[in-house]
Amino acid sequence: MAAVSETIVREYFELHGFLVRQQRKYVAPTRREDEEIDFFVLNPQPREREIPLPFILSAEDLPGISRAIVVVKGWHTETFSPAVLANAPEIFRFVEPSVFKRAAETFGEDGTLTKILIVPALPPGDEARSQSIDMLRAKGIDAVIPFRTLLSELIEQTAINRNYQKSDLLQIIRVLKNYDFFREPQLELFKTKRKRKK
């Protein structure tokens, strides 16, 4: 499942014009699981931000990021509630000084380096969500992107009349869209469906 989750994240950042470098293509037998950074992302044309970066990122926020380290937590059955965060210290290993120092060396010393965590979901309730965000910020994480955001953007941006030969993920989304396996957004509830060829 980790490979699928990482593929989704890679495609999302590439869709938004980032250069993506994977930290490693192998898992070392002596390495602790989930200790390292999954991706280094670099925006070749970052834009100046007039307001601070929000903690929960959307596609509109990405142009304001110049470079970042990204860690993917594809636990698709979990919500990152305060209880989960308190009992899973491995989530925060990538912000430990030794790991972060190695990451900073990859980019060089100049400029800010945003620490982004890709999460399955945050709690739906306001109080629990606020507590989770406070815990993540206290550990040194700058921003999160929920998987729902990544997937909805990829689905929306994939065109059914294009052939995505170089991306299995986008090709699968294209085929599923072509056969109407994705519902239209609710704002377009009364939009007429396209006619199928007989």
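Computed from the coordinates by the stated procedures, all read-outs in this text should not be read as laboratory data. Note that this is a predicted model, so its numbers are computed, not measured. Every residue, glycine among them, receives a Cβ derived from its backbone with ideal geometry; neighbour counts consider all protein chains shown.
Could you tell me which of the pairs LYS73/LYS139; LYS115/LYS166; LYS73/LYS101; LYS101/LYS166 are separated by over 24 angstrom between their Cα atoms in the structure shown?
On the way: LYS73/LYS139 16 Å; LYS115/LYS166 28 Å; LYS73/LYS101 21 Å; LYS101/LYS166 34 Å.
With Cα atoms farther than 24 Å apart: LYS115/LYS166; LYS101/LYS166.
Kirkwood Rh and Cα-based Rg: tell me the resulting Rg over Rh for segment 47-152, rounded to two decimals. It would help to have the intermediate numbers written out before the result.
On the way: Rg = 13.9 Å, Rh = 14.5 Å.
Using only Cα positions, Rg/Rh for segment 47-152 is 0.96.
Given points 7 Å out from each Cα along the Cα-Cβ axis, report the GLU50 to HIS16 separation in nanometres with one decimal.
2.0
Using amide H atoms built in the peptide plane, which far-off residues or other-chain residues are under 5 Å from ASP38 H to H?
Close amide H contacts, sequence-distant or interchain: VAL70, VAL71, VAL72.
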